[in-house]
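This is the structure, below, for whatever I ask next.
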Amino acid sequence: MGSADVQKIGSIFVYSDEMSRFDFGPDHPFKPERASKTYELCMRYGIMNHPWIRILEPRTLDPALLTLFHDAAYLKLLREASRGRFRLEMLERGLGTADNPVLSGIYEWSLRAAGGTREAMKYLLDGRALVAFNPLGGFHHAMAAHAEGFCYINDIVICIEDVLRRVSGMKIAFIDLDAHHGNGVQSAFYKDPRVLFISLHETGRTLYPWSGNETEIGEGEGRGFTVNMPLEPGTDDEVYGFVFDAVVPPLIRAFSPDLIVALLGADTLISDPLTHLKLTNNGYQRAVRAIMGLCPKVLGLGGGGYDLYRTARCWTLAWALLNHVEPMDEFAGLVGGMMFGPEMEVGSLYDHPYLSKGEVKEKALEEGRRVVARIQKEIFPFHGLRE
Ligand SMILES: [Zn+2]
């Protein structure tokens, strides 16, 4: 896929300033503000004002689509919670917890986030755009009948289900780069061979949601279509690249999807306060670039990322890659880091290289090799691939 194609056909950036101001509370790590920081950074680096880029204001998803995944009783409680009311039975549905607080307007906000994902996907399917990014979407932990992991409505599952029922013969690959296992999405498509689910994440031994073992490979007809790559704490760009290259390109090529939905969570970064992976945005970019080479149509979704500024930088770089545009800071040397405070290395979006050392590195590499070997042995044959 050359740069001429996306620049001829178009790309979609889903954005709402109003939505990015939605507040989960001062102590909550999830900051929708990441979206506006990304938008500002993209403007500043000259990767938003191009004739082929369309900025799409997300509209509310038709609530009738919610039951493509979610349970009606859960939705009823969620709507009540969204009016600021708390009832004890909400707790059984994950509502009113520290991770998923009862927030006034959360139902409407989540519906708009999902609406953005759906509309972006429609543009790709109609051929009106080749790539899209919704930094306000990607709620991969939301389950059919309960909320968890900062996620209330699973925009990913709903939008994929919607496409599958409307377009027969459709094959979709979901690649989850977020540091947390994509448990909600996995649960939805565990028996479904129309969706190839691939998740690279920190091992469930050390991180929520405690799942995503390499032995979880799908069931029934979906056996071999769920691929989990648990990674050790301390996994760096090098180990990540090795694991990714050994598994993702061969499986995606064999599956040959019509569309890739990529969860571009930026919580794998060394600076992330919630996880223990040690990537830089160089390793992250490498993965995004590789995904782009595997399918002409890519829908990127935000997901996690709890170091606000570095997440914005990561997503800015991802957006530049998706559009085949080189970021250029027209203010370099003038305002430098002022705009994003001391966290930002002056004058560049790119992280300094980092590699883990000693026992941490050895363990990460050893586990990476073990997981790759296991997947090549157990999963590759389902796709006509040899070890
Ligand atoms: Zn995450």
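Read-outs: derived from the displayed coordinates by stated rules, not from any lab. All of these numbers come straight from a predicted model, not from anything done at the bench. Note that each Cβ is placed from the backbone with ideal geometry, even for glycine, and that neighbours are counted across all protein chains shown.
Which cross-chain or sequence-distant (5 or more) residues have an amide H under 5 Å from the amide H of Leu196, H modelled 1.01 Å from N in plane?
Ile172, Ala173, Phe174
If you don't mind, another one. About the Cα centre, and with charges only on the beta carbon of Lys, Arg (+1) and Asp, Glu (-1), how big is the dipole of the chain? Nearest 20 debye, please.
The dipole of the chain has a size of about 860 debye.
Same structure, new question: Rounded, prolate or oblate: which fits the chain, taking a ≥ b ≥ c as square roots of the Cα gyration tensor eigenvalues, rounded meaning a/c under 1.5, else prolate when a/b beats b/c?
Rounded, since a/c falls under 1.5.
Using a Gaussian network for the chain with springs between C-alpha atoms less than 10 Å apart, which of these wobbles most: Ser36, Ser348, Ser11?
Ser348
Shifting gears a bit: For the chain, set up a Gaussian network in which alpha carbons nearer than 10 Å are linked by springs, and say which option among Phe174, Phe69, Phe242 fluctuates the most.
Phe242
Here's something else I'd like to know. Looking at the chain as a GNM with Cα springs under 10 Å, which of Gly137, Gly218, Gly169 has the largest mean-square fluctuation?
Residue with maximal mean-square fluctuation among Gly137, Gly218, Gly169: Gly169.
Rounded to the nearest 5, what % of the DSSP beta bridges within the chain are antiparallel ones?
5 percent
Can you work out ³J(HN,Hα) from phi for every residue in the range 211-226, in order, using Karplus 6.51 cos²θ - 1.76 cosθ + 1.60 and θ = phi - 60°, giving whole Hz and x for Gly and Pro?
10, x, 5, 5, 7, 7, 10, x, 9, x, 5, x, 4, x, 10, 10
Determine the dipole magnitude for the range 226-337: charges of +1 sit on the beta-carbon of Lys and Arg, -1 on that of Asp and Glu, nothing else is charged, the reference point is the Cα centre, and the result goes in debye to the nearest 20.
Charge dipole of the range 226-337: 260 debye, to the nearest 20.
Counting other C-beta atoms within 10 Å, which of His140, His383 has the fewest, and how do the rest follow? Can you show the working numbers first?
On the way: His140 28, His383 17.
Ordered from fewest to most neighbouring Cβ atoms within 10 Å, His140, His383 come out as His383, His140.
A further question follows. If neighbour count is taken as other Cβ atoms inside 10 Å, put Trp52, Trp109 in order from fewest to most.
So the residues, fewest neighbours to most, are Trp52, Trp109.
Now, a different point. From the phi of every residue in the range 36-42, what ³J(HN,Hα) in whole Hz does the Karplus formula 6.51 cos²θ - 1.76 cosθ + 1.60 yield, where θ is phi - 60° and glycine or proline is x?
Each residue's phi maps through the Karplus curve to give 6, 5, 5, 4, 4, 5, 5 Hz.
Which order do Tyr240, Tyr45 fall in if you start with the one that has the fewest other Cβ atoms within 10 Å?
Starting with the residue having the fewest Cβ neighbours, the order is Tyr45, Tyr240.
Once you order the gyration tensor axes a ≥ b ≥ c over the Cα atoms, which shape class does the range 196-255 get: rounded for a/c under 1.5, otherwise prolate or oblate by comparing a/b with b/c?
Note, shape of the range 196-255 comes out oblate.
How large is the helix-only mean residue ellipticity at 222 nm for the chain, computed as the sum of -39500 (n - 2.57) over DSSP H runs with n ≥ 4, divided by its residue count, in deg cm²/dmol to the nearest 500? Walk me through the numbers before you get to the answer.
On the way: 11 runs with 140 residues, N = 387.
It lands at -11500 deg cm²/dmol.
Are there trypsin sites (Lys or Arg not before Pro) in the range 1-44 that DSSP marks as loop and that have at most 11 other Cβ atoms within 10 Å, and which are they?
Counting only loop positions with at most 11 other Cβ atoms within 10 Å, the trypsin sites (Lys or Arg not before Pro) in the range 1-44 are Arg21.
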